[in-house]
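Trainee: Pasting a structure below so you can have a look.
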Amino acid sequence: MSWLRRPLASLRSLVQPRRSSAPGSPLARRSSTSSISAFMPEATALAGVRDYPALRQFSLQQAERFWGALARERLCWISPFTTVSDCDLALGNIRWFEGGRLNVSVNCIDRHVHTCPDRVALIWERDEPGSQVRITYRQLLEMTCRVANTLKRQGVRKGDRVTIYMPASPIAVASMLACTRIGAVHTVVFAGFSAEALAGRIQDAQAETVITTNQAVRGGRIIELKKTVDQAVKMCSSVKHVLVAKRTENEVPMSNIDIPLEEEMMKEEAFCDPVAMESEDLLFLLYTSGSTGKPKGLVHTQAGYLLYATVTHRYVFDYHDGDVFGCVADIGWITGHSYVVYGPLCNGGTTVLFESTPVYPNPGRYWEMVERLKINQFYGAPTAIRLLLKYGDAWVKSHDRSSLKVLGTVGEPINSEAWDWYYRVVGESKCPVMDTWWQTETGGICIAPHPATREAEIVPAMAMRPFFGINPVLMDDQGRKLMGNNISGALCIAQPWPGMARTIYNDHDRFVNTYYKPYPNHFFTGDGAYRSEKGYYQITGRLDDVINISGHRLATAEIEGAVNLHRVVAESAAIGCAHEIKGEASYVFIVLKDGIDIAEHIITEELKHIVSQKIAKYAVPDYVQIVKRLPKTRSGKIMRRVLRKIVEQKLDELGDLTTLDDHTAVQEIVAGVQGDPKE
Ligand code: PRX
C-alpha cells in the first residue's frame, strides 16, 4: 500500500530502471522482443522524464515499458505475464499482459486484508440519511467468499454469466467480487431498466443465474425489484436460479428457482479459494446503447481493465491512502464499475455506495453526506449539478464541506454555469474540478484535467488533457488526421491502452465495424471533439444516433422501436434536443396510421408508458409531435439532421435539401414544433 502514499513523482520512479544497461548490451537488445524479461526499463531512455508532459510522452512512445512497469507494481499476480500487449487495431484484436494469471477479488480485497483488515472498504450510504453502514476489508472478504460459495453450490462455474440486478449495496459489490473470485462473468443491469430490457440482456448473455433484492428503496419509495425480475425471467429460458437478497423486511413471493441469498450464504464457509484467471479471460459484460435498437454487451477482461481503473482512479482524483471517495454513480453503469468498485478497492480505498437521490430528503443530501462521511473526492453527474444549482446556494452552504479536495463530473458535457457553481459554491474555489471524458468502451477515464502539476491551469467545462498512454486524434469527414490546434473533428484514439473493451459479446463483427472500420487503425469513439489553441480537448457531442439523457446513453432507434409498437403509430423518428436539466431530452415525431385520429396529449402519455415499459423511465420522450409525414430523402431515409435543426429553431441552418423528397413535410413540421427547444 505504500505506493498509494507516494505523490505522482513516484509514477516516474516506477518506470525507472530496475537494472540499467547501456544501449547495445544484451539487456537492451532484448527489449525489442516481446518477452517480459526483455523490457526491464533502461536508465537512458528515461532521462527525459522530468515533468508531466515528458511522462505522457514516455507513456506513448514506450507504452510497453510504461504499462508493463505499472502492471507489475500495482497488481498482485499469481504468475507473471510474458508480453505486455499484442494489439491489432485494424482487426479489433486487443490483448494485454498475456501469460499472466491473477484474481481480481484478491487484488481488490485479500491483499488489503493482509495489511489493513479493519480499514473501511465500503460506506453504504443508504436511502435513509444517517443510517450508513461501514464494511471493513475483512468483512467484505467474508461476504464475498460466502456469496462465491453459494454461487458454486448452485453450479456456477468459471466463464458462466451471472446477471446482477441490484441497487448499490455491499451485497451487490460482494456479488460482483464473488463472480470474479470463481471466474464467473458478471453483467450488472441498472436496476432502473424495465423487465423487457432486463430480459433482453439476460438472453443475450445467456445467463443462468440472476442476483437481485426483494425490493429497492430510493427517494423514500419502495421499488419492486423482484417483481420485475419475475417478469423478466418468464421471458428467459436460460435462467435456472434467482438469488434474492433482502433490502427490506417485506416478504415477496418466492418460486422454486428463487433462493434466499442471506440464508444460504450463512450456511457456507467464509473462505473460498480464488480461481487463477488468465489476463484476457472475461471479467464482465456491460450493456450499452449503440446506434441500432439492440444494446451491445461490451466485454472487459481481467488485468488490463483492473489496472486502468486503478491507475486512473489514483491519479485523476489524486486519491491517497485514507481518503473517502464518493462516486454517486449507480453500479449498473461503467462509472459504478470503475470508480465505485474496482478502482477504489484495488487501491485499498474507502468507497461510498450511494443508494439515494440528490434531492432526498432535500436538495442538501449530497452535501450533508459529504459532511457526515467526510468525503474527500466527490464524483457526480452534470445533470444533478444543474438540478441542485436551481435550488440555490443555501442547501450547500449549510453543510461543512472542508473535507473536499477534488470534485469530478462525468457522462455528458457540463455547461459553464454548472461548472462555475460546482467550483465556486460547492468547492469554495479550492477544489480542482475534473471534467472527465470516457465511455463504457474505454473502461476508465481517458481525458481529464489531471494528472498535471498543481499549478497547471484548468479551463472550465473542458476535459482537457489525455491520460497517460492515451493518444487522441481528430479526423475529418474524409478520414484524414487533422493537424494543429483550434480545430474540430471526430475523436479517435490512435494507440491501444489496457482498459479498452475487447469485443462485443458474441458479435465481434459489430465491434470491428463500429469502432475500428470508420478510421482504420484507430479506435473511433463516436464523439466529436474540439482541440483548443493550447491543445486541450473539449467534447462536442455524439456523431451518431445516440442521445444522452441525464448522462445515460440511449439509441434513438431504441426509442423508435418502442414507439412503433403502439397500435396507431405508422412510423416515428426520435431525436435528442437540448434540455436545461437533463442535458438532452428525446423528441419524437410520429406518423399515425391511416384513418386514426387521436389527441396529441393522449398519445404522448401512452407512448411514455410504452417506452418506460420497454426500456426505462429515464428514456421516456419529453415531446411527441404528430406529423403527416417525415422528411425523407428520395431513397426513403429519414433526414434527422433536418428534424434537429427544426427543433433547435435554426431554420437558416437546414442545409442541403436537394435530396428531400417532399418539401411540404418540413413546412408542416415547423408549424407544429412544441415546447421551448432552448430548454
Ligand atoms: O458522448 C460521451 C458522453 O458519454 C458517452 C459515454 O457514455 P457511457 O458509455 O454511458 O459512459 C458514461 C460514463 C463514462 C461518451 O461517448 N460523455 C462522457 N463523459 C463526457 C461525455 N460528454 C462530454 N463530456 C464528458 N466529460
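The values are calculated or read from the model by the stated rules, or taken from the named source; none is laboratory data. For clarity, every value in this text was computed on a predicted model and none was experimentally measured. Using ideal geometry, Cβ is built from the backbone for each residue, glycine included, and neighbour counts are taken over all protein chains shown. Ligands, DNA and RNA are stripped out before the accessible areas are found, and what is left, the full protein with its side chains, is counted by its heavy atoms. Shrake-Rupley method; radii C 1.70, N 1.55, O 1.52, S 1.80 Å.
Trainee: Of all residues being hydroxyl-bearing (Ser, Thr, Tyr) and touching a helix residue (DSSP H, G or I) at 6+ places or on another chain (Cβ under 7 Å) in segment 424-444, which is farthest from the ligand (Cβ to nearest atom)? Just the residue, please.
Mentor: Looking at the filtered set, the residue picked out is SER429.
Trainee: Which residues, taken from segment 215-252, are in a loop (DSSP other than H, G, I, E, B) and over 17 Å from ILE171 (Cα atoms)?
Mentor: Matches in segment 215-252: GLY219, GLY220, GLU224, MET235, CYS236, SER237, SER238, VAL239, LYS240, ASN250, GLU251, VAL252.
Trainee: Further question on the same structure: Can you tell me which residues in segment 405-426 are closer than 24 Å to THR312 by Cβ and outside any loop (DSSP other than H, G, I, E, B)?
Mentor: VAL406, LEU407, GLY408, THR409, VAL410, ALA418, TRP419, TYR422, TYR423, VAL426
Trainee: Within segment 312-323, identify whether any single residue is within 18 Å of ALA205 (Cβ to Cβ), more than 17 Å from the chain's Cα centre (by Cα) and either of a type in the set (D, E, K, R) or at pLDDT 95 or above (or both), and answer yes or no.
Mentor: No; the residues of segment 312-323 include none that is within 18 Å of ALA205 (Cβ to Cβ), more than 17 Å from the chain's Cα centre (by Cα) and either of a type in the set (D, E, K, R) or at pLDDT 95 or above (or both).
Trainee: So ILE447 ticks every box in (1) more than 13 Å from the ligand (Cβ to nearest atom); (2) surrounded by 19 or more Cβ atoms within 10 Å (Cβ to Cβ) but one. Which box is left unticked?
Mentor: That leaves (1) as the condition not met.
Trainee: Now, a different point. Give the residues of segment 469-478 that are assigned to a loop (DSSP other than H, G, I, E, B) and either open to solvent by less than 40 Å² (accessible area, probe 1.4 Å) or within 12 Å of TYR537 (Cα to Cα) (or both), sorted by residue number.
Mentor: Result: GLY469, ILE470, ASN471, ASP476.
Trainee: Does segment 163-206 hold any residues that are assigned to a strand (DSSP E or B) and over 28 Å from VAL611 (Cβ atoms), and which are they?
Mentor: Of everything in segment 163-206, just one residue is assigned to a strand (DSSP E or B) and over 28 Å from VAL611 (Cβ atoms), namely VAL185.
Trainee: Taking into account only those residues within segment 498-540 that are assigned to a loop (DSSP other than H, G, I, E, B) and among the aromatic types (Phe, Trp, Tyr), which is nearest to ALA463 (Cα to Cα)?
Mentor: TYR536
Residues checked against (1) away from the ligand (no atom under 16 Å from the Cβ); (2) basic (Lys, Arg):
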| site | (1), (2) |
| --- | --- |
| ILE259 | yes, no |
| GLU262 | yes, no |
| LYS267 | yes, yes |
| PRO274 | yes, no |
| ASP281 | yes, no |
| LEU285 | no, no |
| SER289 | no, no |
| GLY297 | no, no |
| ARG314 | yes, yes |
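Trainee: Give the residue, chosen from VAL591, VAL611, that is closer than 30 Å to LEU388 by Cα and not in a loop (DSSP other than H, G, I, E, B). Break it down stepwise before answering.
Mentor: Numbers: VAL591 fails: closer than 30 Å to LEU388 by Cα.
Exactly one residue qualifies, and that residue is VAL611.
Trainee: Any residue in segment 257-270 that is more than 14 Å from THR213 (Cα to Cα) and free of Cβ contacts under 8 Å to residues at least 60 places away in the same chain sitting within a Cβ distance under 8 Å of a residue that is surrounded by fewer than 17 Cβ atoms within 10 Å (Cβ to Cβ) and not aromatic (Phe, Trp, Tyr)? List the pairs, counting only those 6 or more apart or interchain.
Mentor: Note: pairs meeting the criteria are ILE257/LYS240.
Trainee: How about segment 156-166: which of its residues are more than 25 Å from the chain's Cα centre (by Cα) and open to solvent by less than 30 Å² (accessible area, probe 1.4 Å)? Step through it out loud before you land on a result.
Mentor: Applying the first criterion (more than 25 Å from the chain's Cα centre (by Cα)) to segment 156-166 yields 156-157.
Correct list: VAL156 only.
Trainee: Taking SER488 as meeting all but one of (1) within 25 Å of ALA585 (Cα to Cα); (2) open to solvent by 10 Å² or more (accessible area, probe 1.4 Å); (3) within 16 Å of the ligand (Cβ to nearest atom); (4) within 23 Å of the chain's Cα centre (by Cα), write down the number of the exception.
Mentor: For SER488, the failing item is (4).
Trainee: I'd like the full set of residues that are buried (at least 17 other Cβ atoms within 10 Å of the Cβ) and closer than 21 Å to LYS294 by Cβ, limited to segment 491-506.
Mentor: Once the filter is applied, which keeps residues that are buried (at least 17 other Cβ atoms within 10 Å of the Cβ) and closer than 21 Å to LYS294 by Cβ, segment 491-506 yields ALA501, ARG502, THR503, ILE504, TYR505.
Trainee: Would you mention how many residues in segment 559-591 are open to solvent by 20 Å² or more (accessible area, probe 1.4 Å) and either more than 20 Å from THR633 (Cα to Cα) or in contact with a Pro (Cβ under 8 Å, 6 or more places away or on another chain) (or both)?
Mentor: Total meeting the criteria: 11.
Trainee: Which pairs have Cβ atoms under 6 Å, sit 6 or more apart or on different chains, and link a residue in segment 110-124 that is farther than 10 Å from ARG138 by Cβ to one that is aliphatic (A, V, I, L, M) and modelled with pLDDT under 95?
Mentor: THR115/MET1
Trainee: Can you name the condition, by its number, that THR540 falls short on among (1) crowded, with 21+ Cβ neighbours inside 10 Å; (2) more than 25 Å from LEU55 (Cβ to Cβ); (3) within 15 Å of the ligand (Cβ to nearest atom); (4) among the β-branched types (Val, Ile, Thr)?
Mentor: Of everything listed in (1) crowded, with 21+ Cβ neighbours inside 10 Å; (2) more than 25 Å from LEU55 (Cβ to Cβ); (3) within 15 Å of the ligand (Cβ to nearest atom); (4) among the β-branched types (Val, Ile, Thr), THR540 misses just condition (1).
Trainee: ASP545 fails exactly one of the following numbered conditions: (1) in contact with a helix residue (DSSP H, G or I) (Cβ under 6 Å, 6 or more places away or on another chain); (2) open to solvent by less than 40 Å² (accessible area, probe 1.4 Å); (3) away from the ligand (no atom under 11 Å from the Cβ). What is the number of that condition?
Mentor: Going through the list (1) in contact with a helix residue (DSSP H, G or I) (Cβ under 6 Å, 6 or more places away or on another chain); (2) open to solvent by less than 40 Å² (accessible area, probe 1.4 Å); (3) away from the ligand (no atom under 11 Å from the Cβ), ASP545 breaks only (2).
Trainee: Within segment 490-505, is even one residue more than 16 Å from LEU89 (Cα to Cα) and in contact (Cβ under 8 Å) with a residue 60 or more places away in the chain?
Mentor: There is at least one residue in segment 490-505 that is more than 16 Å from LEU89 (Cα to Cα) and in contact (Cβ under 8 Å) with a residue 60 or more places away in the chain.
Trainee: Now, a different point. In the set GLY220, GLY183, GLY192, which member is touching a residue at least 24 places away in the same chain (Cβ under 8 Å) and open to solvent by less than 10 Å² (accessible area, probe 1.4 Å)?
Mentor: When all the criteria are applied, what remains is GLY183.
Trainee: Do we find that TRP421 is more than 16 Å from the ligand (Cβ to nearest atom), open to solvent by 20 Å² or more (accessible area, probe 1.4 Å) and over 19 Å from the mean Cα position of the chain (by Cα) in this structure?
Mentor: So TRP421 does not fit the description; no.
Trainee: Right, something else. Which is more than 16 Å from the ligand (Cβ to nearest atom) and either open to solvent by 10 Å² or more (accessible area, probe 1.4 Å) or closer than 23 Å to VAL311 by Cα (or both), of SER403, SER416?
Mentor: SER403
Trainee: Now for a separate question. Is there any pair with a first residue in segment 278-289 that is closer than 12 Å to ASN103 by Cα and assigned to a strand (DSSP E or B) and a second that is of a type in the set (Phe, Trp, Tyr) and within 14 Å of the ligand (Cβ to nearest atom) whose Cβ atoms are under 6 Å apart and which are 6 or more apart or on different chains, and what are they?
Mentor: Within 6 Å, the pairs are LEU283/TYR305.
Trainee: From the list ALA461, ALA452, exactly one residue is at pLDDT below 95, within 13 Å of the ligand (Cβ to nearest atom), assigned to a loop (DSSP other than H, G, I, E, B) and not basic (Lys, Arg). Which is it?
Mentor: From the options ALA461, ALA452, the qualifying one is ALA461.
Trainee: Need the failing condition index for ARG50 against (1) part of a helix (DSSP H, G or I); (2) modelled with pLDDT under 90; (3) basic (Lys, Arg), just the number.
Mentor: Checking ARG50 against (1) part of a helix (DSSP H, G or I); (2) modelled with pLDDT under 90; (3) basic (Lys, Arg), the one that fails is (1).
Trainee: Here's a follow-up. Collect the residues in segment 427-449 that are assigned to a strand (DSSP E or B) and charged (D, E, K, R), keeping them in residue-number order.
Mentor: ASP435
Trainee: Taking segment 326-349 as the search range and keeping residues that are open to solvent by less than 10 Å² (accessible area, probe 1.4 Å) and of a type in the set (Ser, Thr, Tyr), which one is farthest from the ligand (Cβ to nearest atom)?
Mentor: Let us first name the residues in segment 326-349 that are open to solvent by less than 10 Å² (accessible area, probe 1.4 Å), namely 326-327, 331-332, 336-349.
Checking the rest, the ones that are also of a type in the set (Ser, Thr, Tyr) come to 338-339, 342.
Working: SER338: 8, TYR339: 9, TYR342: 14 Å.
Checked segment 326-349; the qualifying residue farthest from the ligand (Cβ to nearest atom) is TYR342.
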